[in-house]
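Below is one structure, written out as structure tokens; comments come after it.
The values are calculated or read from the model by the stated rules, or taken from the named source; none is laboratory data. Treat the numbers as computed from the prediction; the structure is a model and nothing was measured. Here the Cβ positions follow ideal geometry from the backbone for every residue, glycine too, while neighbour counts run over all protein chains shown.
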């Protein structure tokens with residue numbers, strides 16, 4: 001759930017392996033990365049944390065890091081974020097279409113696919129996913145972004161999932177789409193089940 005009082009409440013559920021974080025968690029996360037004993041995971045985590053420091057200025061209201069074991073002994077990392085932004089366009093479908101088009105036109109993409117998603121809420125929703133090339137970052141990154149709207153008609157929502165493990169692009173695309181399907185705008189039942197099960201990247205949605 002979002003915590004800031006200046007925005008409408010939004011509930012969603014992340015799959016196993018994701019852990020809520022803030023910009024002030026960098027030190028503990030760096031220590032965790034060292035404990036992983038994986039140089040690749042440490043480099044991925046460092047890249048993601050560098051991006052986290054800049055998110056607060058872009059209407060980001062929630063962030064989480066994903067850690068998923070990968071055979072034989074590796075760990076893939078990813079950064080999830082949720083943006084909630086005021087919207088001045090009264091037509092929700094037009095809002096989502098324009099937002100998705102703006103996302104897809106970013107010069108960072110080296111390739112990207114765009115498609116609409118049917119949500120249980122019936123709110124308009126669009127997914128843009130592909131590979132981006134970020135200045136000052138040597139390796140390309142995978143990114144998936146989902147744009148939708150709040151039922152109040154006054155706020156735009158953007159879910160974002162980024163990872164240096166571009167070989168798992170399909171799995172991460174499935175994850176962000178699954179998270180979008182859990183979006184809710186009223187308090188779920190107190191007994192709603194939490195995500196359980198495996199956290200391996202190729203099994204996280206099974």
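Only residues that are under 12 Å from residue 172 (Cα atoms) and touching a residue at least 40 places away in the same chain (Cβ under 8 Å) were counted in the stretch 128-140, giving 1. Is it true that residue 129 is under 17 Å from the mean Cα position of the chain (by Cα) and either surrounded by 14 or more Cβ atoms within 10 Å (Cβ to Cβ) or assigned to a loop (DSSP other than H, G, I, E, B) (or both)? Spelling it out, residue 129 is indeed under 17 Å from the mean Cα position of the chain (by Cα) and either surrounded by 14 or more Cβ atoms within 10 Å (Cβ to Cβ) or assigned to a loop (DSSP other than H, G, I, E, B) (or both).
Of all residues in the stretch 140-155, those satisfying the criterion of being in a loop (DSSP other than H, G, I, E, B) and in contact with a helix residue (DSSP H, G or I) (Cβ under 8 Å, 6 or more places away or on another chain) are 140, 153. Taking the stretch 1-117 as the region of interest, the helices (runs of 4 or more DSSP H) fully inside it that hold 3 or more residues being at pLDDT below 85 are 26-36, 39-55.
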